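Asker: My questions will all concern the structure given below.
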Amino acid sequence: MRPKGVLYILFTWCVIVIALLILAATAGGLDLDVSLELLVMASLWLAAEGLAVSLPQGRLSAGWAVAIAIFFTHGLPAVVWTGGITTMLGQRLFGRGDPWRTTLFNAAQCVLAFWLAHFVYLRLGGSMIEKAAPANLPPVLAFTAAYFLANHALVYLYLLPRRRYHPLVHWPEALKWDAITYFFGLPLGYVMLFLWQEMAFTAAVLLFVPVLVLQFVLRLYVNLTLTNRELYALYHVARRLSENLSLEHTLDFILGSVKQVISFRTGVIYIWSDVRQAFLPAAVRGPFAKTVKESVIGKGEGFIGWIAESGEPEIVYDTRQQPRFKNEPSFIIAERALIAIPLIAEGEAFGVFLLGERRPYAFDERHLSILIIIAGQAAIAIKNTRLLAQIESLARTDTITGLFNRRYFLLRLQAECERALDQDEPLSVILADIDYFKQFNETFGPLVGDAALREVARVLKNAVGGYNLLARFGGDEFAVILPGAAEKVGRETALHLREAVERHIFGVEGVIEPLKLKISVGLAVFPSDGATLTDVLRKAERALDAAKAAGGNTVVAAAGVRNISYFR
């Protein structure tokens, strides 16, 4: 186990153990005669927890007014016991699947925060009898501030190892919203105490209703803020789609935008690969990124394949309650809640947008609606990027042979010449022409001629190798760039190409006897044969002319041609 993991566990259980010791030490100070009152106050506190505003950093509750009233009337023992028990019950009832470790920690940090706040209260001269007296207001404010700081500090440290996976609401915003509840809860706690002492306990209970209403309004405010954040994310995603970015960067940006409005631990965008005949992860975020990037999902395979095949989005509230997830990949099993959206274009699903969270019931219909909109934008981005890639491919590809065309060859040759000069390396250029191809076309026709061109291209491509560039230079002429190759390597490669074509048997429909084609090859080396792109190409062409003049099926290097001019 990593040292950070050990420290995290030690911190969690130290807080829990210290809280248990505090409860044990204060148990003797509880007044059992007021058990009914404390039970009612605990019920009010629990109601506040039920209406709490859930944030990744914690839960915002209006229970501070109840806490202050209990502290004023019955002191530290009552508030730590009531607060600890209420927090634990609230976590189990409203925590939506939080593990017991989190429940115990939240209850424990509440107890510890109250104890620390009481310590500060006493150090500042807080009264043990007239707690609500006007002269005692500064220590009471210090008590509130100390609890506020201790509570957030403990929760912050508890969430710190996982905080990067929960950026839904930033920490300063959580502090702001929580400070609002304390700001309004403190004076209401004073009023509740006044009604409790001067009128009746029932009056204090009834007064807490406005507190719950206030909390409900705050909840609406948070929802409105999150809605604005969602619209902001949708706007930025739509704007980014107009920029000329790679598919990988676009999808990663979309995942990042989703993370601003939907809390998730694992996010993956799968894209169908025609080459692999499977769904491959194109963008990944989360602690399982390395594992996910290595995953390959076949058509109709598992949960991802089923979503793509059905074409319908789905929310999985708890994977442990569904047997179909037993054989899923480990990163899917590790998540309790899932939400998956198929990426559809022209009626066909070519990808899947998947989010996972370790808490069950982490996603709802609101999240589904937002993700459907963003997934639709992602589908448009993928479709446009693929269309642009197809257009670029057509612009640089020869339609007959499938090789690079002359225009792209010249662009690459210019770039390779510049690189060769920077790195002080040679560069070989090979031009090859099919011998007597005009007669071949006249004998067998242009369709057979095109088929022969494709076959020669295939033979040359297999012989050239993956590190060199092969293109159709025009007509029946092919060109090769050999980066880093001087004349010796260039000549050996040229001979290899010539022999590969000469050995190959070309089949022509309707002709019984197999046919053979041969090529003439010219070689020039940059910069020894020419210091510019134009010079080296002209010398390669002259060498090719010399090879054809010698009868064809031969290789001629420009350096060996002495009796002709290189410049027209």
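Asker: For the stretch 53-84, enumerate the residues that are closer than 18 Å to Leu186 by Cβ and at pLDDT below 80.
Answerer: Hits for the stretch 53-84 are Leu60, Ser61, Ala62, Gly63, Trp64, Ala65.
Asker: If you don't mind, another one. Return the total of residues in the stretch 101-152 being over 15 Å from Tyr182 (Cβ atoms) and of a type in the set (Gly, Ala, Ser).
Answerer: Within the stretch 101-152, residues that are over 15 Å from Tyr182 (Cβ atoms) and of a type in the set (Gly, Ala, Ser) number 8.
Asker: A further question follows. Scan the stretch 431-459 for residues that are more than 21 Å from Arg542 (Cβ to Cβ) and of a type in the set (A, V, I, L, M, F, W, C) and jot them down.
Answerer: Those that are more than 21 Å from Arg542 (Cβ to Cβ) and of a type in the set (A, V, I, L, M, F, W, C): Phe440, Phe444, Leu447, Val448, Ala451, Ala452, Leu453, Val456, Ala457, Val459.
Asker: Of all the residues that make up the stretch 345-367, how many are among the aliphatic types (A, V, I, L, M), outside any loop (DSSP other than H, G, I, E, B) and crowded, with 17+ Cβ neighbours inside 10 Å?
Answerer: Residues that pass the stated criteria total 4.
Asker: For the stretch 306-344, enumerate the residues that are of a type in the set (Asp, Glu) and surrounded by fewer than 20 Cβ atoms within 10 Å (Cβ to Cβ).
Answerer: Passing the criteria: Glu309, Glu312, Glu314, Asp318, Glu328.
Asker: Between residues in the stretch 27-49 that are assigned by TED's automatic domain parsing to the domain that holds Leu93 and residues that are outside any helix (DSSP H, G or I) and of a type outside the set (Lys, Arg), which pairs lie under 6 Å by C-beta distance while being six or more apart or on different chains?
Answerer: Trp45/Gly63; Ala48/Ser61; Ala48/Ala62; Ala48/Gly63; Glu49/Ser61
Asker: Could you tell me which numbered condition Val429 fails, if it satisfies all but one of (1) in contact (Cβ under 8 Å) with a residue 12 or more places away in the chain; (2) surrounded by fewer than 18 Cβ atoms within 10 Å (Cβ to Cβ)?
Answerer: (2)
Residue-by-condition table, conditions (1) farther than 25 Å from Gln91 by Cα; (2) touching a helix residue (DSSP H, G or I) at 6+ places or on another chain (Cβ under 8 Å):
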position	(1), (2)
Gln321	no, no
Ser330	yes, yes
Ile339	no, yes
Leu343	yes, yes
Val352	yes, yes
Leu355	no, yes
Arg359	no, no
Ala362	no, no
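Asker: Now for a separate question. Take the conditions touching a strand residue (DSSP E or B) at 6+ places or on another chain (Cβ under 8 Å), closer than 28 Å to Ala420 by Cα and surrounded by 22 or more Cβ atoms within 10 Å (Cβ to Cβ) and apply them to Ala540. Does it pass?
Answerer: In short, yes.
Asker: Quick check, is Phe279 buried (at least 16 other Cβ atoms within 10 Å of the Cβ), at pLDDT 85 or above, assigned by TED's automatic domain parsing to the domain that holds Ile370 and in a loop (DSSP other than H, G, I, E, B)?
Answerer: Numbers: buried (at least 16 other Cβ atoms within 10 Å of the Cβ): yes; at pLDDT 85 or above: yes; assigned by TED's automatic domain parsing to the domain that holds Ile370: yes; in a loop (DSSP other than H, G, I, E, B): no.
In short, no.
Asker: Determine the pairs where a residue that is over 16 Å from Pro77 (Cβ atoms), located within the stretch 119-132, has a partner that is part of a loop (DSSP other than H, G, I, E, B) and not basic (Lys, Arg) with Cβ atoms under 7 Å apart, the partner being 6 or more residues away or on another chain.
Answerer: As it stands, the answer is Ser127/Ala133, since those pairs meet every condition given.
Asker: What are the residues in the stretch 432-451 that are among the hydroxyl-bearing types (Ser, Thr, Tyr) and either in contact with a strand residue (DSSP E or B) (Cβ under 9 Å, 6 or more places away or on another chain) or surrounded by 18 or more Cβ atoms within 10 Å (Cβ to Cβ) (or both), if any?
Answerer: So in the stretch 432-451, the residues among the hydroxyl-bearing types (Ser, Thr, Tyr) come out as 436, 443.
The answer is none; no residue qualifies.
Asker: For Gly97, state whether it is farther than 21 Å from Leu159 by Cα, modelled with pLDDT under 90 and outside any helix (DSSP H, G or I).
Answerer: Against the criterion (farther than 21 Å from Leu159 by Cα, modelled with pLDDT under 90 and outside any helix (DSSP H, G or I)), Gly97 does not qualify.
Asker: Going by the conditions given, is Arg458 touching a residue at least 40 places away in the same chain (Cβ under 8 Å) and either of a type in the set (D, E, K, R) or touching a His at 6+ places or on another chain (Cβ under 8 Å) (or both)?
Answerer: Against the criterion (touching a residue at least 40 places away in the same chain (Cβ under 8 Å) and either of a type in the set (D, E, K, R) or touching a His at 6+ places or on another chain (Cβ under 8 Å) (or both)), Arg458 does not qualify.
Asker: Output yes when any residue across the stretch 27-42 is modelled with pLDDT under 75, farther than 20 Å from Ala108 by Cβ, among the aliphatic types (A, V, I, L, M) and out of contact with any Asp or Glu (no Cβ under 6 Å at 6 or more places or on another chain), and no when none is.
Answerer: No, the stretch 27-42 contains no residue that is modelled with pLDDT under 75, farther than 20 Å from Ala108 by Cβ, among the aliphatic types (A, V, I, L, M) and out of contact with any Asp or Glu (no Cβ under 6 Å at 6 or more places or on another chain).
Asker: Could you check how many residues of the stretch 246-276 are assigned to a strand (DSSP E or B) and more than 9 Å from the chain's Cα centre (by Cα)?
Answerer: 4
The values are calculated or read from the model by the stated rules, or taken from the named source; none is laboratory data. None of these values were measured; they are calculated from a predicted model. Note: ideal-geometry Cβ built from the backbone for every residue, glycine included; neighbour counts use all protein chains shown.
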